[in-house]
1. Of the residues 783, 796, only one is under 22 Å from residue 895 (Cα atoms) and surrounded by 16 or more Cβ atoms within 10 Å (Cβ to Cβ); which?
2. Name the strands (runs of 3 or more DSSP E) wholly within the range 643-711 that hold at least 2 residues that are surrounded by fewer than 17 Cβ atoms within 10 Å (Cβ to Cβ) and in contact (Cβ under 8 Å) with a residue 12 or more places away in the chain?
3. How many of the residues in the range 935-967 are closer than 25 Å to residue 872 by Cα and either surrounded by 15 or more Cβ atoms within 10 Å (Cβ to Cβ) or touching a residue at least 60 places away in the same chain (Cβ under 8 Å) (or both)?
4. If I ask for residues that are in contact (Cβ under 8 Å) with a residue 40 or more places away in the chain and assigned to a loop (DSSP other than H, G, I, E, B), which ones from the range 859-871 would you list?
5. Conditions first: (1) out of contact with any strand residue (DSSP E or B) (no Cβ under 6 Å at 6 or more places or on another chain); (2) at pLDDT 95 or above. Residue 316 passes all but one, so which condition is the exception?
6. Do you know which residues across the range 183-222 are within 21 Å of residue 163 (Cβ to Cβ), part of a loop (DSSP other than H, G, I, E, B) and without any contact (Cβ under 8 Å) to a residue 60 or more places away in the chain?
7. Which of the residues that make up the range 417-439 are within 30 Å of residue 117 (Cα to Cα) and outside any strand (DSSP E or B)?
8. Check the range 835-852 and report whether any residue there is touching a helix residue (DSSP H, G or I) at 6+ places or on another chain (Cβ under 8 Å), surrounded by fewer than 20 Cβ atoms within 10 Å (Cβ to Cβ) and free of Cβ contacts under 8 Å to residues at least 24 places away in the same chain.
């Protein structure tokens, strides 16, 4: 309300300070405070009119009382609420300057929101209210604004007049039977706003004229606030969710309501089981911050699977509370529910109905509450594996209790625009799927020879691989877990991998153990005759026809059904070591198959059993006890057979063909694993055959060894390679009787259906290739050759005789074309051989039996050098046969064959041999290579020497020794002269037999009074004869 408006300004001085004089009267009549002198700029006097407009809710609305809270502003679809409307007490009639103030043509409008409908109203008013009229006339239920008009012509000119109305509205089913949709969806606001319009008239006292009427409405300044003329309701709806789950009963613990494992999909049962279905109908507690409304008049509809194989146990004796009212069977006098048709296989599936008409629990479900319903189903044995049974459930309900709740007239039925909203829940399903046929991985039950490799892992995914040998038989088992169900045209097929062949498959009689516990029958109830499988080379088939399983153990999910057959590993080119013989998926085709309820073939693969061909492989080695040997030596041969393959090698044999190799079998068999038999008859005395019992195979990764002795023949030659070549063979199995089949035998050795073998002597067959060889050799040593200077300290002066020696140690045996060439002139200047009576060539023949067939001696040589030989001299010895002995590992050898030659060679006194010349003596030995026949050469050498010669240098001096004279006085007659001779050896050798001759002139004569003396390097010469010959004249 505006009564007066003044605009004032504050006065300041020129310096900006406030005008404070005269004194300020701070207090103002309006309660304000002045801080400076003010002056009025303008003043406006306004017109005044006002009134009150109020809308309030009266009491509680019609449903769900007492309400969950106050005020009762949470309403349900179809619920009615009552409101009081209050308009009037207009004022402003004494506005200054206005002699007349009046209001008229008044309208009070209740604007109902979309989704609310007018039901009824009553009005009261004061005397000043003229002809209140509901205009236009509305009929219930009316959606839209409700308007009252009054005082169309008679103005109200004084205060204290009021208009009152009581109004009932209904929350409409808008949109019709649509959950949670505008305008009336859960948590939506439904707001009633009251408004009013009227005309105000004023007379201006200054002009004395009536001013133009003014319309007062919501946009007029100062209009009553919405808060006092508006009521907000919150729409609430129920929201039922239906959950359907199923539990497989498992006696004795999980029966009836004790069945605890409820699930949306029960896939671990079969037709032998019974099933408890649980239907849970739950009203959501709240949504979008507001509590849900109760759900009323709930009816649950459950439709069973279209297959019509589900039999519902009668409600009257199933021991279950079917309709959630805590009563069961005969105790529930109002009934448990209805089953429309409960006869299986008549083409009409059962439909179940649980209704509020016979269950208190379904009359009303409050927010957050739930109701559980139960029933039991038994499926017919004609159900197929993996057949799926889908049961669908849904619930219908509404927003008001009973037919119309607490509605006043006009009452409308559920589903009507002005009635309760009808709901249908979202459907839910529970699925029962029969257990599938479970084809387990194929297994090996027995092998004819190989050890079974057990594994705790799933055979199909395990890394364990079963090894099998060529010709071996394997008993395979195919296991399928079968549910209690009908299996039409039940067939088991196993297609074997290349390398395996079916040998035997026994008949199957389903009427006896181990199959009788399943209660097999034909669909018409007849028994099933024995089945004879088809056992072809690479395929095994069992055709059982249409069968029905009717029984299994209570504590088992399946009946374990298995068939067996025997297969053999073929002896073919494809079955080599490492060949994959894995059988079953994914390696090969192996499956159990049947026709399901939809006439489709269903195949379940048997997982593979991993198998691989294992073959023995003998690595045969041999060695001699020594690296070299000569005639008559006894050598120990060590033979080692290591199985580097993957399977046991059976019947190992070793053949040694010594003939033609200058070796002779001696025997003396020993070692860690000596053979059980040594055969020197089959191939000959010098071709022994070593063998072991058939049961004594060589396990993969293991080794056997044995020894025997051979003698080196006397005719061996130097460098001869004595080769010992062994051959061996073995088999994949101990024998033909290594079998599992009913005949107790497999095919011929080496045949397609037999075991793999080898041959002695080795045949080199591409298929039966269990053969190997081993060779070892020993070499006859070469002769040795040594050339030596036995007078290496002798001074090589002219005429000196050097003593030389050549030695030829020989291996025991025969040496051909033994030849020695001695180069006396190896340095260019030659010694001279002496071979005479004084200086004869001497020989030593140690351990030599014969030379060229004769007793050893120079005469037996083909040639030997003569006396005076120079340059190259030769000894052509020829063929030498030694004595022999077994000296292997001998500490002292009795026979050490050797030829030794000693001879003299002179430093010759000739014009070619002089001081400083070099002499050297070397020699070569040649003989035949015992293996190739090619001449072999060996050389020997002696150190070079330098020829030495003596060379004498003579000097002579004299001195006068006459008494009284000086040494250098001239000689005169009668003087004594002393002579000194100095002889110096300036050569390189000692001068022997030195003679000094001094020829005196006629004027000199040797003085007898002085004895000549001789010294060598200051030392008197021992034995010197002082009296010279021819004295005194000389």
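The values are calculated or read from the model by the stated rules, or taken from the named source; none is laboratory data. Everything quoted here is computed from the prediction, not taken from an experiment. Methodologically, a virtual Cβ is constructed for each residue, glycine included, from the backbone with ideal geometry; neighbour enumeration extends over all protein chains shown.
1. Matching residue, one of 783, 796: 783.
2. So the answer is 663-670, 677-679.
3. Residues that pass the stated criteria total 13.
4. Answer for the range 859-871, where residues must be in contact (Cβ under 8 Å) with a residue 40 or more places away in the chain and assigned to a loop (DSSP other than H, G, I, E, B): 865, 869, 871.
5. (2)
6. Across the range 183-222, the qualifying residues are 213, 217, 218, 220.
7. Passing the criteria: 417, 418, 419, 420, 421, 425, 426.
8. No, the range 835-852 contains no residue that is touching a helix residue (DSSP H, G or I) at 6+ places or on another chain (Cβ under 8 Å), surrounded by fewer than 20 Cβ atoms within 10 Å (Cβ to Cβ) and free of Cβ contacts under 8 Å to residues at least 24 places away in the same chain.
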